[in-house]
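The values are calculated or read from the model by the stated rules, or taken from the named source; none is laboratory data. Just so it is clear, the structure is predicted and the values come from calculations on it, not from any experiment. For neighbour counting, all protein chains shown are included, and Cβ atoms are generated from backbone atoms with ideal geometry for every residue, glycine included. Surface accessibility is based on the protein's heavy atoms, side chains included, excluding ligands, DNA and RNA. Shrake-Rupley method; radii C 1.70, N 1.55, O 1.52, S 1.80 Å.
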Amino acid sequence: MSKTLLITGGASGIGAETARQAATRGYAIALNYRTRDTQARKVVADIEAQGGKAIALQGDMALEADIVRLFEETEKALGPITHLVNSAGTNGKRGRVDEYDAEVLANLFATNVTGLMLCCREAAKRMSTKHGGTGGSIVNVSSMAATLGGRLGSSAYAASKGAVDAFTKGFAREVAAEGIRVNSLRPGMVLTEMTEGRLNDPAFRSSIEASIPMRRIGTSAEIAQAVLWLLSDESSFITGAMLDAAGGGYII
């Protein structure tokens, strides 16, 4: 059976590494990006150089029209979507609650929550046996921030990821009998383009590593392997689960 994997936010970090590893396992890859055109095309070129099949599709996951178009263009180019990874996300703006900006909050939730939910809507319309599909597997990339409210200054981001986890559980139950599995992966601190600026500060990095039981940050490759396990038939009896990939979480 052919496997088509759509990855939102796939031009960098966890999404890009997941794309590269998935291609070696026989998935045809649709790689979504918002602004990182050059990086997305580099990932596609890397996959094609190894004999895989991949396309790059621009789209803002905060915009419903872009989400619908993304699914339509993926199916037109690669056939029915069988797997989905919702990796697109934003940190928003760090700060205390008394520093919140309504516009920043709206954009944060539009991307991290509403956009993810709409992607799941489009996937369900196509994958569900209720709608004539043959099933599928979805992984929503959440965060360990959802478990404790995040590190100081990250309460809004943590709240958005808490919403992802709650939605994942509810959605998974709705479609479990229709051939669709839905799980959430919660990475801890991982070195990506989103975090490298702060992690390049030796003092900050040391403080973060000291707060992780394994005493180190994670890599995109490690998170991608966990994503691919959840997507695969190796986890065939798992749905509605939250998998922590965080070196043991936090030392409190």
Limited to the stretch 56-70, what total is found for residues that are touching a Leu at 6+ places or on another chain (Cβ under 7 Å) and either hydrophobic (A, V, I, L, M, F, W, C) or open to solvent by less than 20 Å² (accessible area, probe 1.4 Å) (or both)? 5
Could you check how many residues of the stretch 97-130 are free of Cβ contacts under 8 Å to residues at least 24 places away in the same chain and not aliphatic (A, V, I, L, M)? 6
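Answer with yes or no whether ALA11 is closer than 19 Å to GLY59 by Cα, hydrophobic (A, V, I, L, M, F, W, C), under 16 Å from the mean Cα position of the chain (by Cα) and crowded, with 24+ Cβ neighbours inside 10 Å.
So ALA11 fits the description; yes.
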Which of the residues belonging to the stretch 17-26 are open to solvent by 50 Å² or more (accessible area, probe 1.4 Å) and either of a type in the set (Ser, Thr, Tyr) or under 15 Å from LEU70 (Cβ atoms) (or both)? THR24
Lone qualifier among THR147, THR114, THR74 - being within 18 Å of LYS3 (Cβ to Cβ) and in a helix (DSSP H, G or I): THR74
Just name the residue that is farthest from ALA19 (Cα to Cα) out of those in the stretch 193-210 that are open to solvent by 20 Å² or more (accessible area, probe 1.4 Å) and in contact with a helix residue (DSSP H, G or I) (Cβ under 7 Å, 6 or more places away or on another chain). PHE204
Which of the residues spanning the stretch 157-197 are touching a Phe, Trp or Tyr at 6+ places or on another chain (Cβ under 7 Å) and assigned to a helix (DSSP H, G or I)? SER160
Restricted to the stretch 198-235 and to residues being in a helix (DSSP H, G or I) and hydroxyl-bearing (Ser, Thr, Tyr), the residue nearest to GLY10 (Cα to Cα) is SER220
In the stretch 110-131, anything within 12 Å of VAL68 (Cβ to Cβ) and open to solvent by 40 Å² or more (accessible area, probe 1.4 Å) is listed as ARG121, LYS125, ARG126
Based on this model, can you work out whether ARG94 counts as charged (D, E, K, R), touching a residue at least 40 places away in the same chain (Cβ under 8 Å), part of a loop (DSSP other than H, G, I, E, B) and open to solvent by 60 Å² or more (accessible area, probe 1.4 Å)? yes
Does the stretch 211-232 hold any residues that are among the charged types (D, E, K, R) and either closer than 13 Å to GLN21 by Cα or within 19 Å of the chain's Cα centre (by Cα) (or both), and which are they? GLU222
Given (1) assigned to a loop (DSSP other than H, G, I, E, B); (2) more than 23 Å from ALA88 (Cβ to Cβ); (3) β-branched (Val, Ile, Thr), identify the lone condition not met by THR239. (2)
Quick check on the stretch 27-38. Is at least one of its residues of a type outside the set (Phe, Trp, Tyr), farther than 18 Å from VAL141 by Cα and buried (at least 16 other Cβ atoms within 10 Å of the Cβ)? yes
